[in-house]
Every structure is written in C-alpha cells, then in structure tokens.
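Inspection log for the structure reproduced underneath, given as structure tokens.
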Amino acid sequence: MANSSPSRPIYIPNQISDPNYIRIFDTTLRDGEQAPGAALNGKQKLDIAKSLAKLGVDIIEAGFPSSSKDDFEAVRIIAKEVGNLIDENGYVPVICGMARCTRADIDMAWEALKWAKRPRVLTFIATSEIHMKYKLRKTKEQVLQIVREMVSYAKSLGFVDIEFGAEDAARSEMEFLCQVFSESLKGGATTLCVADTVGNLLPTEFEEFIAAVKANTPGIDNAVISAHCHNDLGQASSSAITGAIAGARQLEVTINGVGERAGNASLEEDGVLKHRSTYEILSPEDIGLARSSEPAFVLGKLSGRNGLKSRLSKLGYELDNELDDIFQRFKAAAAKNKYLSDDDIKALVSNENFQPQVCWSLGDVQVTCGISGLSTATVKLIGVDGTEHVASSVGKGFIDASYKAIDLIVKLPVTLVECSTNSVSKGTEAIASTKVVVQEEKIHKSTQTSNNGLNAPCTFSETSEGTDIIASSILAYLSALNKVMSSSGIP
Ligand code: MN
C-alpha cells in the first residue's frame, strides 16, 4: 500500500478499463446541499469543488442546474474552472450535474456543464410503483418512453458521459427496473445509478439487489453500476461496500464519509404529501406506536403551498382563491414562530380578510396573586362608545382570574384553546410574549356565514409582547376577542 499508489485507469465513460477500480462520485454539492438547513453560496461551492479535485475524486456532482439561477451559475463556474484543472498525470475530474428527465432540465445541464473537459449529466426518474403512482403519476410504459427519449436527447446535445439514475430503485420491481436500465443504455447511458433513496435495504439485501440488476439488465456489461445509498437505517456505508462486492464500480458519497446520509429534498414538499410511503419507510404503527392525530410532520417556514393546502383540507377548509393570501400570511407567521400548530393554521384562516375593529380596550387592571388563596382580578374595560365597565373575579392564578373578569363584561361564547407565555429575553425585565387562541362557539351558525365561509368553527389567535406579563396576557386575550367580534359583525 505504501510503496505504490494505484494508478488511475484511463477514463472512458462506457468502459471499465480496470475491473478492480471503483470510481468515487462525490455529491456533497448536490445531495449534501439538500440536507435540511444546508446552503452554500457560489464561492463556497467552488472552493469545495477545488478541494474535491485535490482529493482526486473521479466525479464531482456540482449541482442541479435547473433548480435555481444560482445553482446553474455555480455549476457553470465549477465546470469552467475545476473541470479544466488537468494535473500532471492527466487527471481532471468529471463535472456532473443533475437533471430530471425533461428537455428543459437536460438543456440547462448542458449549458452549465459543456465548459468542462468531461461533462456528465445525471438524469433520473423514479421507478418504484409508489413513486410512479403517487409522485410522477405515470404508468410503467410512460416511464419507459420518457427514459428512452430523454437519455437520447442528452446524447444528441453532446453528452457522451450519461448517468441514468433510477430513483427509489431499491423499492422497484426488479424486472421493470432492469427494463428501464436497458432502455437507458440503448439511449446512450454509460453509468446506471441504483438509488436506495429511502435507505430501506440492509447491506446484504443491497448486495443481492445489485447482483440482480447486473444479472438481469441486457447490455449492462460495459456500463458502470453506481450505488447511491442513504443512511436511514444507519447502513449506507456498509451497503455501498456490499454493493461494490456485488459489482458496483462507482460509489456515490458525500464529503463527510462514504455513504454518510446527505439528506433529501425537504420532505414536506415532495412525495410524502402525495402518499406517505413515498419517503417514509417505517410507519409509526409498524413499531407499535399510534400515529398521532397531529400532522405527521410539522408545518414550518420551508413548507410549501401543497403542504399548507393539504393541512387546511384536513382541517375542513377547501380553499382555492384565498390560498395565495393565506400562504403569504402563513409564510410570515412561520418565519416568526418556526412551527405552526393546527390551531395556528385555523387562526390564520379566520384572521383572513379583515382588520379587527377595537370593540373593547383595556382601561385598567389590578390583580392579587396568592400562594395559598385564590387570585383575584379587577378589570376595567372601555367600550366603543367610551363607557367604562368594571368586573372582578377570582381564579386559579391571575390569568384565569382576569380572563374570567373580562368574560363577565364581554360575554362572548368562546373557548380558550391555548394560552402560552414565553420569555423572549432574559432577566427580571424580560419581554414576555403571550399567545392566545380562542375558538368561537355557536356565535353565527344560524344567521350568518362565518368569516371563512365554511363549516369549521372559527379560531382566532393573538400575540402580545411586553415586559409586564400580566398586561401582555390580558391584551392578547382582549385582542383575540376583538377579532371574534369584528369577524362576526358585533357590535
Ligand atoms: Mn440522494
């Protein structure tokens, strides 16, 4: 090992010049960047690509050119600069870009990659029953035709190095998968990527899987089989290695180690919505856990319109025209709160379309808190006509007492769904943020249409911040009540 570094065989895309050589395909810049929270700018990508070239990786997957202008530009620059760095031994990395099986994607990939000495496109399509049915909504015949046409199309543009990737290959029907691979080879594919997209195969199973692909794909002899493993079961590295034992001659890895899970595109915007099992390999029920009636994943700022729409429909809201507005509102709220619960979502719908009129404002409040006894609150509210109303109540704590006192004056049939207080800063003068969610009872079922025009009960939320926790919690509740009244035409 020490005395001779193995020489790199001559690079010919569709030829295995040395049967013992395994090509290393690094996808840090593509799959790695799809890890949740990861984001690299063009300069960082170029630096990483240069380092990968220094490490001597055979193929650098530089990005997904059609995914954004920035990514297109990053791939183009990497192709131009790193894709032309030829060392004294003649090594120059192949620069690869990902493309869906569409003309537009493949065109973009060519425009970005053609500057490299050795450009490669990785064009992919899902081949599992579940992905074809729920994600692509395509039949087997359609998938075969797309593969045939798009691989040939890539070749017609000038790509001589074409990797065809079967997404979710590991859950595909073997006979069909081999048929797809065979079609891609006829079109000009030189590398076949077998993706264990959701990481559901154990290493021994992956080994058998690769062996089966090798044995059953007509025309595969000169093609390189590539193993793309994910780490969902903690087995990605082992699977990549058993894949190599079975004949894979390219391993797709990230910079953090062979097969280290690089992550996938954000779950909530893809396949999971169309059908849960497209990306979820074990359901909670499989391991004896009840699936929560709460959503399977939380809606947050990276959630897409479909995620929101699907949640709304579960909650009883079928919205089309209003969806854009609610989506904007949702994004704004998610940017502040990170995750939104069902109650938050309902409140978002209810809060649509109107600015609450201030029916009641806070005149004064006095609370007495006790450790052993009950807390009491006296609240003075001022109505729209300027009249003052005072009420007192006891309660379990000052919030309970003051909300009861407010109820005595406002007399609205609402249920308090949530009241939570968070400290925003530290210390005794910390700013407290209080969030209140209320749901109206039968306030306008009979005579009026509720604000959202639907059957679901309206929910309203309000957040108030201040250094005085008592004032902020009372103001939050009062504002929520004002919303209820405004929406239902009171006063
Ligand atoms: Mn992947």
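The numbers here are math on the coordinates, done by the rules we state, and not lab data. Remember, predicted model here, so these are calculated numbers, not experimental data. Positions of Cβ are backbone-derived with ideal geometry, glycine not excepted, and every protein chain shown enters the neighbour counts.
The table for this structure:
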item	result
In nm, spacing of pseudo-spin labels at GLU418 and ILE10 (7 Å Cα→C-beta vector)	6.6 nm
For segment 23-257, Kirkwood radius (reciprocal of mean inverse C-alpha pair distance, Å)	17.5 Å
Ordering of 80-88, 459-467 by packing [mean C-beta count within 10 Å, highest first]	459-467, 80-88
FRET efficiency, 1/(1 + (r/R0)^6) with R0 60 Å, evaluated for ASN306 and ASP385 via beta carbons	0.80
Sites ALA471 and GLN44, calculated FRET efficiency, Cβ-Cβ separation with R0 35 Å, nearest 0.05	0.15
Cβ-derived FRET efficiency at R0 35 Å, LYS69 paired with ASP325, nearest 0.05	0.80
Extended-chain gain in nm, criterion 0.36 nm per residue less alpha-carbon gap, ASN216 and LYS314	30.9 nm
